[in-house]
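The values are calculated or read from the model by the stated rules, or taken from the named source; none is laboratory data. Please read all numbers here as calculations on a predicted model, not as lab measurements. Every residue, glycine among them, receives a Cβ derived from its backbone with ideal geometry; neighbour counts consider all protein chains shown.
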Amino acid sequence: MKFILNQEVMAIDESLGNSTLDFLRKKGMKGVKEACHEGECGVCMVLLGTLKDKNVEYKAVTSCILPLGEIVGKHVVTIEGLNQEKLSPIQQALVDEGASQCGFCTPGFVVSLTGFFLNEKLEKKDILTSIEGNLCRCGAYAAIIRSTEKLAEEISVEDKTSQERILKLIEIGILPAYFADIADQLEKLKESSEANLLEKGNYVAGATDLLVQNESLSNPIFLSEKKLSGISLDGDYIYIGATTTMEDIRISEKLNSLFDTEQHMSLVSALPVRLQATLGGNLVNASPIGDLIIYFLALDAEISLKNKKDRRIIKLRDFYKDYKLMDIEEGEIVEWLRIKNKEKLFNFEKVARRKYMDIASVNSAISFDLINDKIQNAHLSAGGVAPVPKYLEKTSKFLENKKISEDVLKEAVKIADSEISPIDDVRGTARYKRLLLRQLIYAHFLTLFPKLEVSL
Ligand SMILES: Cc1cc2nc3c(=O)[nH]c(=O)nc-3n(C[C@H](O)[C@H](O)[C@H](O)COP(=O)(O)OP(=O)(O)OC[C@H]3O[C@@H](n4cnc5c(N)ncnc54)[C@H](O)[C@@H]3O)c2cc1C
């Protein structure tokens, strides 16, 4: 099995479940640094280029939690593959603004910013988003932000297709000339990318959870091969394929026409993780504070579970039985999730110790219709307050047919408090989490009804 590392076709001579970072460093790519090995800090950032309809689409991802199976047939670019005789405009901007101090994080920043200019789905306003997954321990953020703002002002590649962008970026010195031939070379490697389909093994989606929990993945079956990604409309439903990434959910036009998905999903990890992590991985990882689970529980989602012969459709709220215990049989995969294609009042809230890149202490979402001033079809969910991502059934039922008022809100908070069983852990004491959920329920109503008067 082969891939292209910078300009060179290379064979993968170890297990496909191993981390790409470890492999790259063994191959002498020392510009790809190692620090957290958990996808948190961005020093191991690489560009991953995938051939799509004869074009190469690139994204910047953390190589520490990228399994080798995901690079087969693709283009991996390290800082070594971006370096040229003279500094690129990105490197120069960082130098000009004094944005590199000890320099350990600098390659990661250069790769992420190169990824920003290559990514057709990102706009100028997203340039800072593109480096939200890069940490600088020297704290040179002010200078880094100045350089990125300067770059956004000076370089414009918007409205260009991926191939046009590549040519333009070569012209202005951001990319070396060899990028122009990568699409043809990947075309020739195509057959080798189909060789990693196992019959039996362990499902791997984005691996952003799996490669944090395990040093290497044994017998991986890569779900990205199964073509389960995409967001589509069919009849009364919006279908989201299990391998759709968090970032594709964030920027989906369809979802944003109904909810403020772009803003809500910006609170979920940071761009490099969102570009890899999938909906199915979030659902089956079954973390009691999984953001996507909480989001879609409140939209009364259904999921399809499929094995070789059959498919069954269940409510997402019936999927979770106990801590990390789900209604899923061996051999079954989550195929898709669907929600009604209908406008609703909806809100998502999350409290974490850091705004980005962090798991919530408590998160919550709510949806309902307002008919003749009365709440109908209410669904409220909360994470971090029980062994499972919690669908607050009693509170949801209580809200039915009620008019919005301070008394109703206070009663809802009381019922919600009786439905949860938080524990003390690193994300806060049980008491603190109860308080947070109360505040988040208030936040839902105050966001949806800013004129509502509530004494806290
Ligand atoms: C730096 C960092 C920040 C993070 N921040 C957040 C955050 O803010 N919010 C949050 O919710 N999570 C966060 N996470 C956690 C996690 O990465 C996500 O929950 C992610 O969605 C997992 O998806 P994945 O595709 O990477 O799953 P994987 O790691 O590939 O898989 C996870 C589990 O799901 C199974 N699986 C995957 N897809 C399917 C399927 N279709 N059918 C059956 N089984 C399947 C796998 O076998 C595995 O057991 C973060 C992780 C990191 C590393």
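Applying a threshold of 6 Å to beta carbon distances and a minimum spacing of six or more residues, or different chains, the list of pairs starting in segment 221-238 at a residue that is assigned to a helix (DSSP H, G or I) and ending at one that is surrounded by 17 or more Cβ atoms within 10 Å (Cβ to Cβ) reads Leu223/Tyr203; Leu223/Ala205; Leu223/Thr243; Ser224/Thr243. With respect to Ser232, is the statement that it is more than 16 Å from the ligand (Cβ to nearest atom) and at pLDDT 95 or above true? So Ser232 fits the description; yes. Would you call Phe346 more than 9 Å from the ligand (Cβ to nearest atom), over 22 Å from Leu255 (Cα atoms) and modelled with pLDDT of 95 or more? For Phe346, the condition - more than 9 Å from the ligand (Cβ to nearest atom), over 22 Å from Leu255 (Cα atoms) and modelled with pLDDT of 95 or more - is not met.
Scan segment 66-75 residue by residue and report those that are in a strand (DSSP E or B) and at positive phi. Explain how you work it out, then say what you get.
Just the residues of segment 66-75 that are in a strand (DSSP E or B), to begin with: 67, 75.
None; the set is empty.
The residues of segment 346-402 that are part of a strand (DSSP E or B) and of a type in the set (Val, Ile, Thr), listed by number, are Val351, Val362, Ile366, Ile371, Ile375. Is segment 159-175 home to any residue that is within 13 Å of the ligand (Cβ to nearest atom), closer than 22 Å to Tyr58 by Cβ and part of a loop (DSSP other than H, G, I, E, B)? No, that holds for no residue. When the residues of segment 38-65 are narrowed to those that are without any contact (Cβ under 8 Å) to a residue 60 or more places away in the chain and not in a strand (DSSP E or B), which ends up nearest to Glu120 (Cα to Cα)? Taking the candidates together, the pick is Asp53.
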